[in-house]
Structures are given as C-alpha cells and as structure tokens.
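These notes concern the structure reproduced below.
The values are calculated or read from the model by the stated rules, or taken from the named source; none is laboratory data. What you see is a predicted model; the values in this text were computed from it and never measured. Note: ideal-geometry Cβ built from the backbone for every residue, glycine included; neighbour counts use all protein chains shown. What goes into the accessible areas is simple: the full protein's heavy atoms, side chains included, and nothing from ligands, DNA or RNA. Shrake-Rupley method; radii C 1.70, N 1.55, O 1.52, S 1.80 Å.
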Amino acid sequence: MNTVIAFVVIFGVLVFFHELGHLVMAKRAGILCREFAIGFGPKILSFKRKETVYTIRLLPIGGFVRMAGEDPEMIEVKPGYQVGLLFNQKGQVEKIILNRKEKYPNAKVIEVEQADLEHGMFITGYEDGEDSGLKRFEVSETSFYVVDGEEIQIAPYNRQFASKTLVQRTLAIAAGPFMNFLLGFLVLFYLGLSQGVPVNEPVLGEIVPDSAAEQAGLREGDVVKEIEGTPMNSWKDVVEMIRANPENELLFSIERSGEELEMTVTPDSVKSENKTIGQIGVYSPVEKTFFGSLKYGLVETYTWSKEIIFAVGKLVTGQFSIDMLSGPVGIYDMTGKVAETGLTSLLSWTALLSINLGIMNLLPIPALDGGRLLFFAIEAVRGKPIDRQKEGIVHFIGFALLMLLMLVVTWNDIQKFFL
C-alpha cells in the first residue's frame, strides 16, 4: 500500500509541475485553457475556476492542458440551426443555447443564417415568429455555448493557440519540460539544505554507533591530519587509506578543537564487489549552507541530465537494449524499493524522475513537446507554419508509435518483475 501511495504521489507531482508550466505560459499568452487535467480517463474530481476546469482523472499515467484551437472545436453553429440567445448589459450575445431552449424562456430564438464565432464574432438570423427580416447580433468575446445545461466558453481566434506568436507558442510548450528540470533542482536543493552537501575535506562526518571509529574514540568534526604519517589533504585521501587497510591497525593524527591528538583505529574487513576493503564507520563530511546547496542542486541536475542524454544516445545507436528501458510498471517496482530506504532516497528518486521526464519530453519525437518544438523550428526557418492537418497526422502517427513502445516496455517490465 505504501508503494501505491508513493507512486501515485510522485507521479502526480511530476505531472502537475509539467502541466502547470504549460498552463501558466499559455494563460500569460492569452490562450483560453479549457481544462487542466492530472491523469486520463473518467473524472474523479473536478472544479472550475474562472475559465479553466481543473480535473483529476482515474488513470495516473499523465496529464494535459486543453488549449483552445489545439483540438477541433466540437461545436459548430450552422445555417438553419434554431438557437436561443441571451444578452449581456451591452446588448451583446452572452449565451448561445443549442438545445433545451424551453428552459430559457427569456432567450430570443432565431433561425441562423450565418455565424462567425472566431473572427467577426457575430451571428445573423431570423427571429422566430417575426417577419422583421434578417438581423445581426454581436457576440461577446466571453460568450458561451449552452449544451444540455452545460456552459462551454466560445474561443475567438485571438484566444486560440494558433493565433499567438511563434515565441509565445514556443514558451507555452517548452514550459512543461522546464518545470520538470526546475522541480528536480528544487528537490536536490532542499536535500542539500536539510541533509547537507558532501565536501571533499579530511574531516570526519557522522560516526556510526558501535563502529570501529567510535570504539577508537573518533568524533564527528575531527580533522584528519595524517594516517600512518601520510598527510591527508582530502576526504578522498582518508577513504582510500582506510579501504586499502582492512584489519590493519592505523595511527590517526587528528586535530580536535585546536588540540593535536593521536588515535589507533583498526578498520573492519568488508566484502565489496568481489574484493575486501577496510571500513571504520564514518560518513563523509557535509555542509549545510544556502550557496553550497544551491551549487549542489545545479551540479546534480546538470550531471543527471548529462547521464540521461548519454543513455538516450546509446539507445539510439544500439549500445543500449530496449529491454533495459522501464515503463510505469518498472518505475512502480523501483519506487517501492526506494521507498523502503527512507524519505531522503525517495526525494532523490523523485528528482531523478523529474529530470528524466523533462529530457524525454524534449526529444524531437512527434506527439511529445520536443516534436512540437521541432515543428516550431521548421516554421521559424520557413517563415510560415506547416499545414496543421499534416502536422496533426504526423503527431497522431508518433503518438501511436509511442503507445506501441509503451506496451512493449510494459510487457517487458511485467515479465521481469512478475513472471
């Protein structure tokens, strides 16, 4: 049960931050965002704030921000339709009622002659039961369709994704992966502040109870000057000397509160990677400073990003087998194992997954954010966008191939972990 909770929470946080990036930049660009969703499938929970419906859906396998103009508008008002009109105080159409008009006795019913609800924002028609001729009605830019009692906001062209500049569209798409990098950095930065950042100084960190170090009288904060007469200039020097001398008595020359002391320590013998090494039970020294943690977060984010990119490169060149990839099942299994080791490890795992999600979404693959950005780059070179229908076909094919890959990876995960 703990694994399920950890997986759902981590996955939910990763998706939330990713989609939040899209939502914030899209709204800043003036795009009408109809829905902000965590998960897919049937709605579990939903509420509306201003223009956007916020939903949690049943299947925790992703999320989306539904922007006006990204999907074909499902509602169209055609000539010959009978619709009801409700007006605002300025005399503009505020609501267009498409059915169940009898529930709106104050609505003006017309037979539509023409409707332009994207550019001109008007509707013309003949009033029901009158011979007053064709009338034109201005439509408010914040108007709604009413279908089965549900209000659906109409999106004028200037509120649609395609109407925005190339820079605005690029920022709206790139903001998702960027937020995943930011989340990874923030988690690592927090770990640096709370747990401390490793430093390469010849200073003893936390002492393990009942260890060889504690029995010899060593304390946290002791500065190791020499071991067996060899100067120690870094923590790496201390570790290498100890590891090379299992069961061998070592003379430590240390400094404690300005006082020089000598202590004899005998490292325990420990098996590691088919060889025997020495160990005295001391953690590496750490520092808890704001700027040290800031640097740690940035360096670790960069390091993990580089490792993931190299791994993707090996996959593309055939040096990395597809059987080594993990999907939701593999991530679920690994999350359970990491959760057993404690909150710190779970947070580190969250940071790694977030960075990984950011990089994967930036790959120039159709249906991913990187694929969208690739089309924007082509548009910048051509000076005009690629036909939306053709682009849509490419993204559809890419999405189908991604789903096929997901099925293969998931089946491999099931075989590895459950069969």
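I need the full set of residues from region 48-63 which are closer than 20 Å to S143 by Cα, open to solvent by 100 Å² or more (accessible area, probe 1.4 Å) and assigned to a strand (DSSP E or B), in order please.
K48, R49
If a residue must be under 16 Å from Q168 (Cα atoms), of a type in the set (A, V, I, L, M, F, W, C) and open to solvent by 60 Å² or more (accessible area, probe 1.4 Å), how many such residues does region 362-419 contain? Give the derivation first.
First pass over region 362-419, keeping only residues under 16 Å from Q168 (Cα atoms): 369-370, 372-380, 383-385.
From what's left, of a type in the set (A, V, I, L, M, F, W, C): 373-378, 380.
Of the ones still in play, those that are also open to solvent by 60 Å² or more (accessible area, probe 1.4 Å) are 374, 378, 380.
Qualifying residue count, region 362-419: 3.
Can you work out which of the residues in region 249-299 that are among the aliphatic types (A, V, I, L, M) and under 43 Å from the mean Cα position of the chain (by Cα) is most open to solvent (accessible area, probe 1.4 Å)?
L298
Just give me the residues in region 327-356 being outside any helix (DSSP H, G or I) and either crowded, with 18+ Cβ neighbours inside 10 Å or modelled with pLDDT of 85 or more (or both), in sequence order.
G327, the sole residue that qualifies.
Among the candidates K108, K95, which residue alone is touching a Gly at 6+ places or on another chain (Cβ under 9 Å), open to solvent by 40 Å² or more (accessible area, probe 1.4 Å), of a type outside the set (S, T, Y) and under 17 Å from E51 (Cβ atoms)? It would help to see each step written out before you state the result.
On the way: K108 fails: under 17 Å from E51 (Cβ atoms).
K95 is the lone residue from the list that is touching a Gly at 6+ places or on another chain (Cβ under 9 Å), open to solvent by 40 Å² or more (accessible area, probe 1.4 Å), of a type outside the set (S, T, Y) and under 17 Å from E51 (Cβ atoms).
Using the structure shown, decide if R159 is of a type in the set (D, E, K, R), at pLDDT 95 or above and buried (at least 17 other Cβ atoms within 10 Å of the Cβ). Can you show your working first?
Working: of a type in the set (D, E, K, R): yes; at pLDDT 95 or above: no; buried (at least 17 other Cβ atoms within 10 Å of the Cβ): yes.
Judged against the criteria, R159 is not a match.
Please give the number of the condition A6 fails out of (1) at pLDDT below 95; (2) of a type outside the set (V, I, T); (3) open to solvent by 30 Å² or more (accessible area, probe 1.4 Å); (4) out of contact with any strand residue (DSSP E or B) (no Cβ under 9 Å at 6 or more places or on another chain).
Failing condition for A6: (3).
Hey, among the residues in region 202-248 that are among the acidic types (D, E) and part of a helix (DSSP H, G or I), which one's least open to solvent (accessible area, probe 1.4 Å)?
D237
Quick grid of which residues meet (1) within 38 Å of the chain's Cα centre (by Cα); (2) of a type in the set (G, A, S):
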residue: G69; (1), (2): yes, yes
residue: M74; (1), (2): yes, no
residue: L85; (1), (2): no, no
residue: N99; (1), (2): no, no
residue: Y157; (1), (2): yes, no
residue: G176; (1), (2): yes, yes
residue: L183; (1), (2): yes, no
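Hey, could you check region 64-86 for residues that are touching a residue at least 40 places away in the same chain (Cβ under 8 Å) and either charged (D, E, K, R) or open to solvent by 60 Å² or more (accessible area, probe 1.4 Å) (or both) and say which is nearest to S143 (Cα to Cα)?
Result: E73.
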